[in-house]
Every structure is written in structure tokens, then in C-alpha cells.
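> Below are the C-alpha cells for one structure; questions will follow.
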Amino acid sequence: MISLLTGTIRSLTSDRAVVEVGGVGLSLVVTPSMSAQITLGSQQQFFTSLVVREDSLTLYGFLSDEARSLFELVQTVSGIGPKVAMSIVGAMSPEDLARAISQEEISVIEKVPGIGRKGAQRLILELKGKLSDLSNNKTYRAHQPAWREKLVSGLTSLGFSPKEADGAITEVVANLSAEGVDASTVDLSELLKMALASGKSSRG
């Protein structure tokens, strides 16, 4: 199984790159957005996924391990093959897809070529909760609700590290949720008090 290769780009189109590795030219399927980041004649590393069919062997190339993992994961959804999986990778980052799935944004996902509304619904149904490990926490955290961002900012100004602040807020949200309360409906000053109390106990 070929999972990683580094070589010289010998040919490049919007959806294909031929990479010379040890005197052999390997043809990789890439997305247009990836193709735009690659330069003809340059050395390039690819994370790859080999798709075996009865009549073909196709190598798909990605510039990050996360993009390859996303490509392989979305194919576990019924009705999604490599072609549609590449459309998803080309249109959305792992963070974007994780957010769209967690917030059940069907309208965002159905815009991907080849997906449609039913495909978007299947993606959300079958992948909810499975994408968190693919998303880069820093990027993902930037898209959190405004009240949570304000709370993180308040806690970090009081000496908490971003990680401690995030942990304290998560605990408060979980406690409120157990009581049937949505944290976004609670006054910010109250949330800050709860998070401070929670953070102090976890910090010992």
C-alpha cells in the first residue's frame, strides 16, 4: 500500500499530477485547489490513498494527512465513492466539514458537487461524532459561539491558559446540560462565575 511519496512534479493539470519517484512517473488524482498549490518541476510530498477496483488502480494524492483521512472517512458513508469524496475534500476542509456536521448544516454540505440533499443528510447521520479527531482544534475553536469566545477571553485574562479555560467551560456546559439548561441562554457573568469555580477545583 502506497501511503506517502515524495518526488518531482513532471506534469500537472487541474485534476492530475504526475510525480517522478526514482525514475518512475506516478499519476495522482488531485483536487483543483491542490493543483493550484503545486508548481511544475518542484519537489513535493504527497499523502496518498490507493483505491483498487476490478479494472483499475487509482492513486489519490493529498497535501496533508488530515485531507487524506477525510477522503477515506467520507467513503465509509453509503453511496459515496472516491469521486464524490474528492469533491468534498476539494470543497471543504476537515474543520469546515466537522463544523457543518456537528451543527447539521445540510444546506452547506449539499452545495458540494455530487452530494445533493440526501447525500448531505446521510453524511450527517453516519459521521456525526466521528470527525472531531480530524479537525485542528485551533482552527475549529475560532468558529465557536460568540458567548463561548467571550468566556474564554475572560478566563484567559484572569490567568487561565486557553486549554484550562476550554476545559472549565466544557465542564460548565455539561453540568448545565445535565440540568436541562442551554448554556447560551445563561447570563455571561453567571457563566464566568461557574467556570471560575470549576477551573479552581480542577486546578487543585
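> Restricted to region 30-53, and to residues that are touching a strand residue (DSSP E or B) at 6+ places or on another chain (Cβ under 9 Å) and without any contact (Cβ under 8 Å) to a residue 24 or more places away in the chain, which residue is nearest to LYS83 (Cα to Cα)?
Restricting to residues being touching a strand residue (DSSP E or B) at 6+ places or on another chain (Cβ under 9 Å) and without any contact (Cβ under 8 Å) to a residue 24 or more places away in the chain, the top hit is VAL52.
> Could you check GLU72 against (1) under 25 Å from VAL52 (Cβ atoms); (2) part of a loop (DSSP other than H, G, I, E, B) and say which number it fails?
All conditions are met except number (2).
> Name the pairs: first residue in region 159-184 and in the same structural domain as SER198 (by TED's automatic domain parsing), second residue in a loop (DSSP other than H, G, I, E, B) and loosely packed, with under 12 Cβ neighbours inside 10 Å, Cβ to Cβ under 7 Å, at least 6 apart or on different chains?
Within 7 Å, the pairs are SER184/PRO145.
> Hey, can you tell me all the residues within region 75-100 that are assigned to a loop (DSSP other than H, G, I, E, B), more than 15 Å from LYS111 (Cβ to Cβ), of a type outside the set (A, V, I, L, M) and out of contact with any Lys or Arg (no Cβ under 7 Å at 6 or more places or on another chain)?
GLN75, THR76, GLY81
> If a residue must be aliphatic (A, V, I, L, M), more than 20 Å from VAL89 (Cβ to Cβ) and surrounded by 13 or more Cβ atoms within 10 Å (Cβ to Cβ), how many such residues does region 19-54 contain?
Qualifying residue count, region 19-54: 1.
> Let me ask you something else. Do we have SER93 as modelled with pLDDT under 90 and not basic (Lys, Arg) here?
yes
> Would you say GLN103 is touching a Gly at 6+ places or on another chain (Cβ under 9 Å) and free of Cβ contacts under 8 Å to residues at least 60 places away in the same chain?
Answer is no for this residue.
> Restricting region 133-155 to residues that are surrounded by 12 or more Cβ atoms within 10 Å (Cβ to Cβ) and assigned to a loop (DSSP other than H, G, I, E, B), which is modelled with the highest pLDDT?
Taking the candidates together, the pick is GLN144.
> Residue by residue through region 101-115, note down the ones that are exposed (fewer than 15 other Cβ atoms within 10 Å of the Cβ) and assigned to a helix (DSSP H, G or I).
Matches in region 101-115: SER107 only.
The values are calculated or read from the model by the stated rules, or taken from the named source; none is laboratory data. Given the structure is predicted, the values throughout are model-derived calculations rather than measurements. Note: ideal-geometry Cβ built from the backbone for every residue, glycine included; neighbour counts use all protein chains shown.
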